[in-house]
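Engineer: My questions will all concern the structure given below.
The values are calculated or read from the model by the stated rules, or taken from the named source; none is laboratory data. Treat the numbers as computed from the prediction; the structure is a model and nothing was measured. All Cβ positions, glycine included, derive from the backbone under ideal geometry; neighbour counts span all protein chains shown.
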Amino acid sequence: MNLLAATQTVGNPVANMAIFGLFVVVTMVVVIRASKRNATADEFFTGGRAFSGPQNGIAIAGDYLSAASFLGIAGAIAVYGYDGFLYSIGFLVAWLVALLLVAELLRNTGKFTMADVLSFRLKQRPVRLAAATTTLTVSLFYLLAQMAGAGGLVALLMNINSRAGQSLVIAVVGVLMIVYVLVGGMKGTTWVQIIKAVLLIAGAGFMTVMVLAKFGLNFSEILGSAQTAISGATTEGVANRDVLAPGAQYGGSLTSQINFISLAVALVLGTAGLPHVLMRFYTVPTAKEARRSVVWAIALIGAFYLFTLVLGYGAAALVGPDRILGAAGGVNSAAPLLALELGGVVLLGIISAVAFATILAVVAGLTITASASFAHDVYASVLKSHNVTEAEQVKVSRITAVVLGILAIGLGILANGQNIAFLVALAFAVAAAANLPTIVYSLYWKRFNTRGALWSMYGGLISTIVLIVFSPAVSGTKTSMIASADFAWFPLANPGIVSIPLAFALGIIGTLTSKDTGDPAIAAEMEVRSLTGVGAEKAVAH
Amino acid sequence: MQASPEFQDLRSRLRRFVFPMTAFFLIWYGIYVLLGAFAHDFMATRLFGNVNVGLIIGLGQFLTTFVITGLYVRFANRELDPRAEAIRNELEGPLQ
């Protein structure tokens, strides 16, 4: 993105920054007020399990709708048309997996982390270590993508083009994130996500209404104008696109079609394995509230993606592909440019601030999840064999959050300007391959045992990462991360179509080749608890 | 408790709803993705105005997602919650 940075900036950087500053001040006040009591592990990791279903559902939407899904999907629809829309459908349908198979049973069975569910009847230490490894890997990839994306956003919205200036902003984002997590714990983080989700969805909804009003509420007319604008683009490759049908982005060859299918599989199966999504189910008092949270999340996320459909085509029609591709930030600038077109500097400032708030809320959610997993699974269970107090777990978690924050700042600065957009897709692929099979098996398959879990988790994790390292995302093409080298022997940038079935199969093979059939009494206890909530963690009384 | 008829009833009701429904939406999504990847001309067929088959099927994915969510919530509220609560009360005593 740095290469394009000097071409055109958008709106008034001072206004953008001022509105973002206001967001930080308001959320800080809320976080400090919300975090009067963060002494126990229950309060720090789950906000005392006291959020209602609707509140948690809004926070899930806030956690899930990253800058990539706002700027990225609207931009992809504006430039590639239908293929951007395909992307958003995978992100939405995925929530049915969470609703039907995972959310309620997970809430009933676990305490703080995903590993609680797995280690209920499997061997504690190896399973926790494996689950913590996958959790930290997914969180770090996701975190890195967000932090590096912040650099591009700065170039676009604040007119900061120097490397040092962008690094400074990445550092500020990182420090703010650390403060939110340290001061606010899960409760503060949740409120940041709620505020951000409301702003983001309301902002996108407002812009959608404005676009629809401009075209007399006639969606077909927006589509027609978008196609006309694309066909009038000065670049021939863009002008030839049929943006109303699939194929503009992924239709080129059989490899790219299979690559797209692979991405679609990872998106739909990855969401219910994302650790920061799973952890949100522990912030509500009962399984029924967990169900309500997912219902709210599905409604909000679905509405939001419908908005992006209108915004994407609206940006193509009203702003035009030449201006979008010529702006700093390229495809990502479609939504901000549309805001400028519709509502001038003020609306642009608001949308820019929301985009920044989006990064902050998502990274804070990731950090608290990763630090909880380290403190609860690795430190308390594996290293100290449960001989630690809850206060100690919270302390370790806070230290982890600081370390992770500093790591994320450092890596984010290094990765700034690199093409690492594949990291989000990679995080979904790892979540789908390494986490989801084990979660589903341990909730629904009585015979499932420790070896099956370990084979599936490590097999899914390692195969996904190895395949991506040797894929065109990392080397071998002009858009690769390391464009100068070529060690890509795996043709797909998205490894999910291989690694996810492999991980599911490894879970079955590992289980059946082991004589370990587990303790039937514990398996029975887990089944009763997961379905009825008997013995489930209660909310903290207030 | 796990062997009791009440629990087995709850368990089989849950599974009889959740597994077929999951299979249904995954297959429906799979069909959509395959059409999106390979059947460009079919998806580009215009139905009315500039609205084509692909857009309608895509919006259909939104619709089925919302409908399945609604069906599941109704099912869980009517069929699962009372049964789970009865078992919970039996094991833990009624909530104070």
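Engineer: Residue under question is A:Arg291, and the condition is that it be closer than 30 Å to A:Phe45 by Cα and touching a residue at least 60 places away in the same chain (Cβ under 8 Å); does it hold?
Structural biologist: yes
Engineer: Only one of (1) assigned to a helix (DSSP H, G or I); (2) touching a residue at least 60 places away in the same chain (Cβ under 8 Å); (3) at the interface with chain B (Cβ under 9 Å from one of its Cβ atoms) is not met by A:Gln257, so which one is it?
Structural biologist: Result: A:Gln257 passes all but (2).
Engineer: Going by the conditions given, is B:Gln61 surrounded by 14 or more Cβ atoms within 10 Å (Cβ to Cβ), at the interface with chain A (Cβ under 9 Å from one of its Cβ atoms) and outside any helix (DSSP H, G or I)? Give the derivation first.
Structural biologist: On the way: surrounded by 14 or more Cβ atoms within 10 Å (Cβ to Cβ): yes; at the interface with chain A (Cβ under 9 Å from one of its Cβ atoms): yes; outside any helix (DSSP H, G or I): no.
Taking the combined requirement at face value, the residue does not satisfy it.
Engineer: Just the residues that are not in a helix (DSSP H, G or I) and not β-branched (Val, Ile, Thr), please, taken from region A:235-252.
Structural biologist: A:Asn240, A:Arg241, A:Asp242, A:Leu244, A:Ala245, A:Pro246, A:Gly247, A:Ala248, A:Gln249, A:Tyr250, A:Gly251, A:Gly252, listed by residue number.
Engineer: Taking the condition of being under 34 Å from the mean Cα position of the chain (by Cα) and within 23 Å of B:Ser12 (Cβ to Cβ), how many residues in region A:500-521 meet it?
Structural biologist: Final tally of qualifying residues: 2.
Engineer: Would you mind finding the one in B:Leu55, B:Leu14 that is within 8 Å of another protein chain (Cβ to nearest Cβ) and touching a residue at least 60 places away in the same chain (Cβ under 8 Å)?
Structural biologist: The match here is B:Leu14.
Engineer: Just one of B:Asn77, B:Asn50 is surrounded by 19 or more Cβ atoms within 10 Å (Cβ to Cβ), at pLDDT below 95 and within 10 Å of chain A (Cβ to nearest Cβ); which is it?
Structural biologist: B:Asn50
Engineer: Sort out which residues of region A:459-474 are buried (at least 18 other Cβ atoms within 10 Å of the Cβ) and either closer than 18 Å to A:Ala431 by Cα or among the small types (Gly, Ala, Ser) (or both), and write them in order of number.
Structural biologist: Once the filter is applied, which keeps residues that are buried (at least 18 other Cβ atoms within 10 Å of the Cβ) and either closer than 18 Å to A:Ala431 by Cα or among the small types (Gly, Ala, Ser) (or both), region A:459-474 yields A:Gly459, A:Gly460, A:Leu461, A:Ser463, A:Thr464, A:Ile465, A:Leu467, A:Ile468, A:Ser471, A:Ala473.
Engineer: How about region A:447-542: which helices (runs of 4 or more DSSP H) wholly inside it have at least 3 residues that are more than 14 Å from chain B (Cβ to nearest Cβ) and more than 17 Å from A:Ala266 (Cα to Cα)?
Structural biologist: Helices (runs of 4 or more DSSP H) meeting the threshold: A:450-469, A:496-513.
Okay, residues lined up against (1) within 17 Å of the chain's Cα centre (by Cα); (2) at pLDDT 95 or above; (3) farther than 26 Å from A:Ser262 by Cβ; (4) part of a helix (DSSP H, G or I):
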position: B:Ala3; (1), (2), (3), (4): no, no, yes, no
position: B:Phe7; (1), (2), (3), (4): no, no, yes, yes
position: B:Arg11; (1), (2), (3), (4): yes, no, yes, yes
position: B:Leu14; (1), (2), (3), (4): yes, no, yes, yes
position: B:Thr22; (1), (2), (3), (4): yes, yes, no, yes
position: B:Tyr29; (1), (2), (3), (4): yes, yes, no, yes
position: B:Leu35; (1), (2), (3), (4): no, no, no, yes
position: B:Thr65; (1), (2), (3), (4): yes, yes, no, yes
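Engineer: With the requirement that a residue be modelled with pLDDT of 90 or more, in contact with a Pro (Cβ under 8 Å, 6 or more places away or on another chain) and not hydroxyl-bearing (Ser, Thr, Tyr), what does region A:458-483 give you?
Structural biologist: A:Gly460, A:Leu467, listed by residue number.
Engineer: Please verify whether region A:67-81 includes one or more residues that are closer than 22 Å to A:Asp322 by Cβ, within 14 Å of chain B (Cβ to nearest Cβ) and not aliphatic (A, V, I, L, M).
Structural biologist: For region A:67-81, residues closer than 22 Å to A:Asp322 by Cβ, within 14 Å of chain B (Cβ to nearest Cβ) and not aliphatic (A, V, I, L, M): present.
Engineer: If you take the residues of region B:17-47 that are at the interface with another protein chain (Cβ under 7 Å from one of its Cβ atoms) and β-branched (Val, Ile, Thr), which of them is farthest from A:Tyr82 (Cα to Cα)?
Structural biologist: Out of the qualifying residues, it is B:Val18.
Engineer: Still on this structure, I have one more. Only one of these is more than 14 Å from A:Leu306 (Cα to Cα), within 9 Å of chain B (Cβ to nearest Cβ) and either in contact (Cβ under 8 Å) with a residue 12 or more places away in the chain or in contact with a Cys (Cβ under 8 Å, 6 or more places away or on another chain) (or both): A:Gly224, A:Gly247, A:Gly232. Name it. Quick ask: steps written out before the conclusion?
Structural biologist: Details: A:Gly224 fails: either in contact (Cβ under 8 Å) with a residue 12 or more places away in the chain or in contact with a Cys (Cβ under 8 Å, 6 or more places away or on another chain) (or both); A:Gly232 fails: within 9 Å of chain B (Cβ to nearest Cβ).
Within the list A:Gly224, A:Gly247, A:Gly232, the selection yields A:Gly247.
Engineer: Give A:Gln193, A:Gln166 a once-over and let me know the one that is surrounded by 22 or more Cβ atoms within 10 Å (Cβ to Cβ), more than 14 Å from A:Thr358 (Cα to Cα) and not basic (Lys, Arg).
Structural biologist: When all the criteria are applied, what remains is A:Gln166.
Engineer: Still on this model: Looking at A:Phe120, is it out of contact with any Pro (no Cβ under 9 Å at 6 or more places or on another chain) and under 20 Å from A:Leu366 (Cβ atoms)?
Structural biologist: On the way: out of contact with any Pro (no Cβ under 9 Å at 6 or more places or on another chain): yes; under 20 Å from A:Leu366 (Cβ atoms): no.
The answer is no for A:Phe120.
Engineer: Can you tell me which residue in region A:107-126 is farthest from the other protein chains (Cβ to nearest Cβ), limited to those that are buried (at least 24 other Cβ atoms within 10 Å of the Cβ) and in a helix (DSSP H, G or I)?
Structural biologist: Ranking the candidates gives A:Ala115 first.
Engineer: Shifting gears a bit: For residues that are in contact with a Ser or Thr (Cβ under 9 Å, 6 or more places away or on another chain) and farther than 22 Å from A:Gly62 by Cα, scanning just region A:320-346, find the one that is modelled with the lowest pLDDT.
Structural biologist: My answer is A:Ala328.
Engineer: Oh, and also: With the requirement that a residue be within 12 Å of chain B (Cβ to nearest Cβ) and not aromatic (Phe, Trp, Tyr), what does region A:311-335 give you?
Structural biologist: Correct list: A:Ala317 only.
Engineer: So, one more: Output the helices (runs of 4 or more DSSP H) that fall wholly within region A:266-333 and possess 3 or more residues being farther than 23 Å from A:Phe356 by Cα, or say none.
Structural biologist: Output list reads A:287-318.
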